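The values are calculated or read from the model by the stated rules, or taken from the named source; none is laboratory data. None of these values were measured; they are calculated from a predicted model. Positions of Cβ are backbone-derived with ideal geometry, glycine not excepted, and every protein chain shown enters the neighbour counts. Protein only, heavy atoms only, side chains kept; ligands, DNA and RNA dropped before computing areas. Shrake-Rupley method; radii C 1.70, N 1.55, O 1.52, S 1.80 Å.
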Amino acid sequence: MKPIFKPDSPKTFVLYPYRIFHIRLFFKRIVGGDRTLDYFAYVDCYRCCVERGDGFIDIIEIEAVSSQIMEYLISYEDAKQKAIESAIIWGNFKVISWWLPKAEVLKEAEAYKIFWIFKEDSRTMIMDSLTGEVFES
């Protein structure tokens, strides 16, 4: 994922695994016409949870060694299923329908969130590249 925040002098980084899905939901309705909704799911493949996004997040490629990359703890199929379940739950709050919506994955990507590791006053700090939050290691 394209980093938004970066410390002044990053020493190194760790790549945290995500899968990103753009899902389109098709709702059949008796009254008011059928509805279509788009859902963007960011699946955290380490903690196995889903975050809803506003769009398909920007992605860049960077060079990394295997020791800097955290492993995916859930499979692609599990991540996709979690994303679709999350989309349907969200969609059912938005649209009233007697039928389960049809879900179609329009776009998907394997991505990593960057966590910068750096020194500050002889302490090791970690910065989230998307929120800018800094934590002491």
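Within the option set LEU15, LEU25, being in a strand (DSSP E or B) and farther than 17 Å from ILE126 by Cα holds for one residue only, LEU25. Every condition in (1) in a loop (DSSP other than H, G, I, E, B); (2) closer than 30 Å to PRO101 by Cα; (3) not aromatic (Phe, Trp, Tyr) holds for VAL43 except the one numbered (1). Among the residues of the stretch 38-71, those that are of a type outside the set (Gly, Ala, Ser), more than 16 Å from ILE114 (Cβ to Cβ) and touching an Asp or Glu at 6+ places or on another chain (Cβ under 9 Å) comprise PHE40, VAL43, CYS48, VAL50, GLU51. In this structure, LEU37 qualifies as of a type in the set (A, V, I, L, M, F, W, C), part of a strand (DSSP E or B) and touching a Gly at 6+ places or on another chain (Cβ under 6 Å).
Just the residues that are more than 13 Å from TYR112 (Cβ to Cβ) and without any contact (Cβ under 8 Å) to a residue 60 or more places away in the chain, please, taken from the stretch 72-87. Walk me through it before giving the result.
Looking only at the stretch 72-87, we keep the residues that are more than 13 Å from TYR112 (Cβ to Cβ), and these are 73-87.
LEU73, ILE74, SER75, TYR76, GLU77, ASP78, GLN81, LYS82, GLU85, SER86, listed by residue number.
Residues in the stretch 35-49 include at least one that is open to solvent by 60 Å² or more (accessible area, probe 1.4 Å), over 17 Å from the mean Cα position of the chain (by Cα) and in contact (Cβ under 8 Å) with a residue 12 or more places away in the chain.
Within the stretch 50-82, being hydrophobic (A, V, I, L, M, F, W, C) and either touching a Ser or Thr at 6+ places or on another chain (Cβ under 9 Å) or under 24 Å from PRO10 (Cβ atoms) (or both) holds for VAL50, ILE57, ILE59, ILE60, ILE62, ALA64, VAL65, ILE69, MET70. Within the set PHE135, PHE93, the sole residue that is free of Cβ contacts under 8 Å to residues at least 12 places away in the same chain, under 15 Å from VAL14 (Cβ atoms) and open to solvent by 80 Å² or more (accessible area, probe 1.4 Å) turns out to be PHE135. Residue check: VAL31 meets all listed conditions (1) surrounded by 16 or more Cβ atoms within 10 Å (Cβ to Cβ); (2) free of Cβ contacts under 8 Å to residues at least 40 places away in the same chain but one, namely (1). For the stretch 102-130, the set of residues classified as open to solvent by less than 70 Å² (accessible area, probe 1.4 Å) and polar (S, T, N, Q) consists of THR124, SER129, listed by residue number.
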